[in-house]
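See structure below.
The values are calculated or read from the model by the stated rules, or taken from the named source; none is laboratory data. These figures come from a predicted structure and were not determined experimentally. Here the Cβ positions follow ideal geometry from the backbone for every residue, glycine too, while neighbour counts run over all protein chains shown. Surface areas here come from the heavy atoms of the whole protein model, side chains and all, with no ligands, DNA or RNA. Shrake-Rupley method; radii C 1.70, N 1.55, O 1.52, S 1.80 Å.
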Amino acid sequence: MNSVQSFYFDHPTNSVDALRRSIANRLVYAVGKDVRSATRRDWLFAIFHAVRDRVMDRWRDSLNEAQDQDVKRVYYLSMEYLPGRLLTNALMALGIYDDTRTACSQLGADFDTLLDLEADPGLGNGGLGRLAACFLDSIATVGLPAMGYGIRYDYGMFAQRIVDGRQVEEPDGWLVGGNPWEFMRPEFGYTVRFGGRLIADGPSVAWVDTDDVVATAYDSAVPGYGMTSVATLRLWSARDGAAINLDAFNKGDYFRAVEEKNQSENVSRVLYPDDSTDHGRELRLRQEFFFVSASLQDLIRRYLKDHGSFDQLADKVAIHLNDTHPALAVPELMRLLVDEHRIDWDQAWSLCTRIFSYTNHTLMQEALETWSVDLLGRLLPRHLRIIYDLNARFLAELNEKHPGDQDLLRRVSLIEENGGRRVRMAYLCVLASHKVNGVSALHSDLMVQTIFADLARLFPERFCNKTNGITPRRWLAQANQPLAALIDDRIGPGWRRNLGELAALRELASEPAFNNAVRLAKHQNKRRLADLILRETGVAVDPDSLFDVQVKRVHEYKRQLLNLLHVIARYHEILARPQANWVPRTVIFAGKAASAYHMAKQVIRLINDVARVINHDPHVGDRLKLVFLPNYRVSLAERIIPAAELSEQISTAGTEASGTGNMKLALNGALTIGTWDGANIEIAQQVGLDNIFIFGSRADEVATRRAQGYRPGDYLARDFALKAVVDRIGDGAFSPQEPHRYADLVRALVESDHYQLCADFGDYVATQRRVDELFRRPSEWTRQAILNIAGMGSFSSDRTINEYADTIWRVAPLFDSSAATAIQSTTIAPPAYGGSS
C-alpha cells in the first residue's frame, strides 16, 4: 500500500440530498439492511455512520497537522469521561442538524425518536467525568493539539433503578448494541504488567515473571464547534494476552478454561468497582495502572516516530492528571524512561517534572487517594520501589534545607506511616508536577491552606487556580433549544464560541417582550419535563409550580438531606396552615450513590419514602410535590436543567471544590440558592448578590465551629421545626412498616452532624421564604433569571482551556477557531489514511 503515490476517495457534502443518499447508503452497506428490514436501531446506526463520515476529513487533518508541525501535544488522563449522547453534538458541530432532520423525514425515519434511542456512554459518574468531556469539546473547538485517554468500560458505573424506594444497581449495558461512533485500533495494543519480581540490571531494574494484560485502543472523534478541529478520545479495553486454556477446555473444565481470560478482562468491565472489599480495591488499582501504562506507552511510541532521543520530550509532551486516579503515571513514566529506554535517573526525573501537571478536585482528606504499601508492592513492585526512591531523594534534599525538622519530613513524606503504611497519591502528583491547580478561587485558596499547606510553602510557584467551566454548545444550544433560538434572534449565535456575548442580554432583562418570551421558553421546558416525570414516576406535577431542582451525585457533603429536611418542614407547615397562600412547589432530586455508600443510599430511600407520603396526602394536593428521577445521566440532565427554576447548591461551605451543575443551571436561567462555596462565589460575583440566594455559614465559620466542638443538639433544642422534622423521621412517620429504618441517619444527625446541617437549617428555611416571595412576581423572577444567563460568560470551558493552554501546558492552537471550516482536500497520502495516530 505504501508504494501507491496517492489515491482518491469521495468527500461527502452536507446538502439535504447528499445526506439522504449517505444515510441510505450506510443503511445498506454499513448496517446491512434495507428499508423493508431496517429497525429503528438500524436507522440510528446509519445516521451515525453518515455523520461520522463527515467528521473524518477534519479528524485526519487535525492529527496530521499536529504531526507535520511537530508541535507540543497535551495528553489528558482521566478515569472518567461523561460525554452524553454523541449524535446531536456532532450534528450541531457540523451545522447539519436541521438538514439531517429533513433528510430523515424524506426517508420516512422519525428523527426525534431515533435520537432518543441513543444510549449515554457509560464512561463516568459525575462532575469529574462531565468536566473532562466539556474540556475535550473545548480543546477541539479552540483547536489545541490534544488527546484524551481513559478506559472503555463495558458496563459503566451502573444503571440505577428504584425498587421500593431503594437504589438498586444494575449493569449499564451501553455497549450491548454496539458503538457506531468508535473505531477499534488493534494495531495499538500494549502489554500492561502486574505482579512478578525484580532483578537488578545495572542502573536499571528488570521486571520479570509478570501477569500480563493487553490494552487495545478504541478511538472516538470529538468534533469542535464549527469543525475548528477534531480531538481524539482514545479508550483502552482489556483482553487477556493469551487465548483460553485449551487443555482445560478439552478436558471439560470450561470454567477453568476461561478463568484467567475473564480475570484479565475484568479490568475494563465497570467504573469504580466497590472498594469496600480487598478484591474491589485491588481491581480499582489495576484499573488505574492499566490505563496510565497503556497511555504512556502509546504517547512515547508517538513521540519516537519523529525523534531519535528523549531530549525534546518535555518540549513536545504535556501530561495532565485529572485528579489522583492517574497518579501512577508518574512512576510508570520513570520506569519506562529508566528501565526500558535506559535514561539516567536524574534526567528522567527532570523530564517528569516538566511534563506533568495535576488538577486537584477535593479538599476532603478521606477522598484523597492512598494505596497500601502491601497492595502496591504485590501488584506493582517496581513502581513501589520507584516511589520509595523518589521519596528518599525528596526527603534528603529537604533535610539539607531544613535540618532536624523531622515533623516536616513526616508531614510531606509520600509514605503515610500512621495506621498502616500507605502511599499518598496526591502528594506524588504535587511532587512530580510543575503546576497544580484547584478548580475555583475558594478551593484553590483552601487547597494551599489545608491539604497541601506544607507543599505549597515548599513549592509556592506550582500552585494556581483554574476555575471550571462548561461547554455552552451542549448545555444551552443543544439542551435548551427554545431559549437558544430566542437568544440567537436577539443577539446572534456568536455566544456559542464566545460566551461573553451573553452580557448583551442584560439590557433586555427588563424589556417586557423579551422577559415574556424567556418565561414562555421556560414553561415549554417545564411542560416537557412534567411529561417525563409522569412517565418515569407516575407522579403528575403542575408546570406552573416552582421547579426546585437538586441533581448531582448523592453524597453527605452535598447535603441532599438538608434539602429534604426543608421539604418535610414545608409539608408540616402546609398541614398546619392549609388555607395559607402557598407558592406551589415541585422538588426534584436525581443522582446516584456509590454502591457501597450506605448513608447516601439511605438518603435516596428516605427521599422516596417522604415522596410517597407527601404525594398521596390529599391535604397537600398540588401545593407540594416531591420526585426522585432514577438513573441520572447526561441525557436526563439535558431534560431537567432547562426546566429548573431554583438550583440547589447547598454543600457545606469549604467542601465543594467548584461544581459545574451550578453553572449549567444558571446558564439556563435558574436562580441559585446556595452556600458561599466552590464556584457559587464566583457566580455571585458575576450575576450580583441581588440575583442569587446565599445562605449559611462561611468556610471559616464551619472550621471554627468544628474546632470548638460543634454540638448539633444545641440547634435542635432551639429550633422547634427542625426538631419536629428529625423526630418524625426517627419515629417512622415515613416508614411505618419499619419505624427504625433511619435510626443510623438520625443518630448521625443528632450526635455528630459532620456537615453541619443543623447549623444551617434555620437560615436555609428563611432563605427559601425569600424564594417564595420572589416567585410570586413572575416578571421580576424572570428578570433575575436573564441576569443570571447574562452573567455566565466567564464560565465557558473554552475560557478554562485557554488558561490551561497558556499558563500550564504552554501549547498553541493548530487552527484559527474564528475561521473554522472543514478542509476539503482531494488527494491524501497513504500513511494518513484512517485517521489514527
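Things to note:
- Heavy-atom accessible area with a 1.4 Å probe sorts H383, H402, H598, largest first, into H598, H402, H383.
- Dimensions of the chain based on its C-alpha atoms, expressed as ranges along the principal axes with the largest first, amount to 84, 76, 63 Å.
- Here, the stretch 624-777 has an Rg and a Dmax of 17.1, 49 Å when only alpha carbons are counted.
- In the stretch 47-145, the inverse of the mean reciprocal separation of distinct Cα atoms equals 15.4 Å; this is its Kirkwood hydrodynamic radius.
- Taking only the alpha carbons of the stretch 69-205, we obtain Rg and Dmax values of 20.2, 70 Å in that order.
- Extension gain from Q263 to D622, taking 0.36 nm per residue of separation minus the Cα-Cα distance: 124.0 nm
- Carbon + sulfur, % of accessible area of the stretch 335-395 - ligands and nucleic acids excluded, 1.4 Å: 47 percent
- Neighbours of L376, meaning other residues whose beta-carbon lies under 13 angstrom from its beta-carbon, give a summed charge of +3 when Lys and Arg score +1 and Asp and Glu score -1.
- Heavy-atom surface of the stretch 94-175, accessible at 1.4 Å and reported per residue (Å²): 32 Å²
- Förster radius 25 Å - calculated FRET efficiency between H523 and D98 (Cβ-Cβ, nearest 0.05): 0.55
- Counting charges near A766 (Lys, Arg +1; Asp, Glu -1) among other residues having Cβ under 12 Å from its Cβ returns a value of -3.
- Largest to smallest accessible area among E656, E400, E648 [probe 1.4 Å]: E400, E656, E648
- Gain on full stretching of the segment that runs from A707 to D278 - 0.36 nm per residue minus C-alpha separation: 151.0 nm
- Mean accessible surface per residue for the stretch 520-565, computed with a 1.4 Å probe while every protein chain stays in place, in Å²: 37 Å²
- M157 accessible area, 1.4 Å probe, all protein chains in place, Å² to nearest 10: 30 Å²
- Nearest-10 value in Å² for the accessible area of I681, using the 1.4 Å probe: 20 Å²
- With all protein chains in place and ligands, DNA and RNA left out, the 1.4 Å accessible area ranks E288, E366 as E366, E288, largest first.
- Solvent-accessible surface (1.4 angstrom probe) belonging to I808, in square angstrom, nearest 10: 0 Å²
- Protein accessible area in the stretch 37-188, 1.4 Å probe - carbon and sulfur %: 46 percent
- Bridge type composition, the stretch 557-676 - antiparallel percent by DSSP, nearest 5: 0 percent
- Packing order of peptides 722-731, 531-540, 141-150, highest average first: 141-150, 722-731, 531-540 (average count of other Cβ atoms within 10 Å over each peptide's residues).
- Counting protein heavy atoms only, the stretch 710-824 has 52 percent of its accessible area on carbon and sulfur, 1.4 angstrom probe.
- Cα-Cα pairs of the stretch 174-236 separated by more than 17 Å (percent): 62 percent
- Placing a pseudo-label 7 Å from each Cα along the Cα-to-Cβ vector at D209 and S105 gives an inter-label distance of 7.0 nm.
- The stretch 375-525: projected area of the alpha-carbon convex hull, averaged over directions, in nm²: 14.4 nm²
- Cα-based shape type of the stretch 516-635, given that a ≥ b ≥ c are square roots of the gyration tensor eigenvalues and the cut on a/c is 1.5: oblate
- Cα Rg, Dmax (largest Cα-Cα span) when computed across the stretch 253-363, Å: 17.0, 54
- Packing-based ranking of 185-193, 355-363 yields 355-363, 185-193, ordered from highest to lowest mean Cβ neighbour count within 10 Å.
- Computed label-point distance, nm, for sites R421 and D68 using a 7 Å Cα→Cβ extension: 5.4 nm
- The calculated FRET efficiency for D53 paired with A812, based on their beta-carbon distance and R0 = 25 Å, is about 0.25.
- 25 °C / 0.890 mPa s Stokes-Einstein diffusion coefficient of the stretch 628-707, Kirkwood radius on C-alpha pairs, µm²/s: 184 µm²/s
- Antiparallel bridges, percent of DSSP beta bridges restricted to the chain (to nearest 5): 45 percent
- Of all DSSP bridge pairs formed entirely within the stretch 47-172, close to 55 percent run antiparallel.
- Treating r as the C-beta distance of A441 and E780 and R0 as 22 Å, the FRET efficiency rounds to 0.15.
- The stretch 346-448: C-alpha pair distances exceeding 19 Å, %: 50 percent
- Calculated over the stretch 685-756: convex hull of Cα atoms, volume per residue (Å³): 131 Å³
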